[in-house]
Amino acid sequence: MKGKSIIEKAIGLIAAVLFTVLICYLALEFFMPAEENPTQQFSVGDKPPSLALSLSIPEEEDDMEDKIEFAVMLYDQANALYKNTEDVALMVASSTSMFGGLVKVPGYRYIVKNSDEYYYLEYSFIPPSNDAISGLFSGLAGAIAKESTQFALRKYYDSSMDSIRVQRVINPTPSMVFDEETGKNIYTVDWAEVVDEEEDIPIFYSGQSVPYVQTEQIINEDTVTSAEVSYNAEEGYYTLVLELDTTLATTLTQARLRENSDNDQAFYTRLIQTIEIWDNGYFRYFRAQDDWEGPGAITMTSEIDFRTYFYYDEFWTNPENYQHMAELKEVLGN
């Protein structure tokens, strides 16, 4: 019992020191915010050619139930169109804040579907730090969760395959530089040092019987607690701002959160989904803000912000126009 007491005191002391350092650093950041490193900026793609839907948007004074019903209907419509569209590309810019925002981990995903072919690339990095304190916490974040903060990931699947091929690179740590001339990120990855992983086959094309959903957080009339609905007549798209019940909406994601965070008590604290849908029913933009907390000797908090941009044009739906993507079919396919 005595040994346990010493360990508990040590953990408490470390937690107190880290908390004090964090408060002091955040105070400095407030008065002298650090400059962010330049990175590739994604933008909304062009509207796909299709006739506009004939919909009546709920009025401001309408009941919340009417707004939720409209929002869920439009979301379901966009999911169905995505699944039944032959060629679609998605670019995702993500930011995960750790240690109360002291460490921000950027991520980038590039996804292309051509009929029954699925191409996927993902990169995540902890940017270099300009000061000792933030460097300390960045190093701690990398040590605790390197597989989810510093990696490159590639996937490929087509309907001739029995399973999806998934490979992750952690060591040597992938790197990224921003090319100011092209405005793109350039990734350096040693794909010879991959670790194979297993995943379920993604739902993405019309030949599959299971419905497609853009987010694994469940969005239906039971899980949406509030909805704001608006329409941009000039550019022709709807905006849905949905707040989700953190218990009912996370029946598919709660277990994964606890596994990935290595905290069996982790739970979601806030779920806000901002969805833009063209007036012809196609996805335009999807922002998922999912916050969670992990109780423990040192309470972990994280704010996850994913911004997804949709493209339907010939250029961006061609895997040849992405770094490291064109070879996925040859390397990972049958």
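Of all the criteria given as (1) small (Gly, Ala, Ser); (2) at pLDDT 95 or above; (3) loosely packed, with under 14 Cβ neighbours inside 10 Å, the one not satisfied by Ala255 is (2). Checking each residue in the stretch 291-328 for being touching a helix residue (DSSP H, G or I) at 6+ places or on another chain (Cβ under 9 Å), buried (at least 18 other Cβ atoms within 10 Å of the Cβ), in contact (Cβ under 8 Å) with a residue 40 or more places away in the chain and of a type outside the set (Gly, Ala, Ser) picks out Met300, Phe310, Pro319, Met325, Leu328. Ile272 meets all of the listed conditions (1) surrounded by 17 or more Cβ atoms within 10 Å (Cβ to Cβ); (2) farther than 22 Å from Glu122 by Cβ; (3) among the aliphatic types (A, V, I, L, M) but one, namely (1).
The C-beta contact set for the stretch 54-73 (first residue closer than 15 Å to Asn280 by Cα, second residue assigned to a helix (DSSP H, G or I), distance under 8 angstrom, 6+ apart or interchain) comprises Leu55/Phe70; Leu55/Leu74; Ile57/Phe70.
Regarding the stretch 184-192, can at least one residue be identified that is modelled with pLDDT of 95 or more and among the basic types (Lys, Arg)? Checked the stretch 184-192: no residue is modelled with pLDDT of 95 or more and among the basic types (Lys, Arg). Condition first: among the hydrophobic types (A, V, I, L, M, F, W, C) and within 30 Å of Pro48 (Cβ to Cβ). Now tell me which residues in the stretch 247-292 satisfy that. Across the stretch 247-292, the qualifying residues are Ala249, Leu252, Leu271, Ile272, Ile275, Ile277, Trp278, Phe283, Phe286, Ala288. For Asp279, the criteria (1) surrounded by fewer than 20 Cβ atoms within 10 Å (Cβ to Cβ); (2) within 22 Å of Lys47 (Cβ to Cβ); (3) touching a Phe, Trp or Tyr at 6+ places or on another chain (Cβ under 7 Å) hold in every case but one, which is (1). Reported count of residues in the stretch 59-79, each being touching a strand residue (DSSP E or B) at 6+ places or on another chain (Cβ under 7 Å) and over 17 Å from Glu243 (Cα atoms), is 1. Considering the conditions (1) touching a Gly at 6+ places or on another chain (Cβ under 8 Å); (2) modelled with pLDDT under 90; (3) of a type in the set (D, E, K, R), Glu60 is excluded by exactly one of them, (1).
The values are calculated or read from the model by the stated rules, or taken from the named source; none is laboratory data. The model shown is predicted, which means the values in this text are computed figures rather than measured ones. Here Cβ is always computed from backbone atoms with ideal geometry, including for glycine, and neighbour counts include all displayed protein chains.
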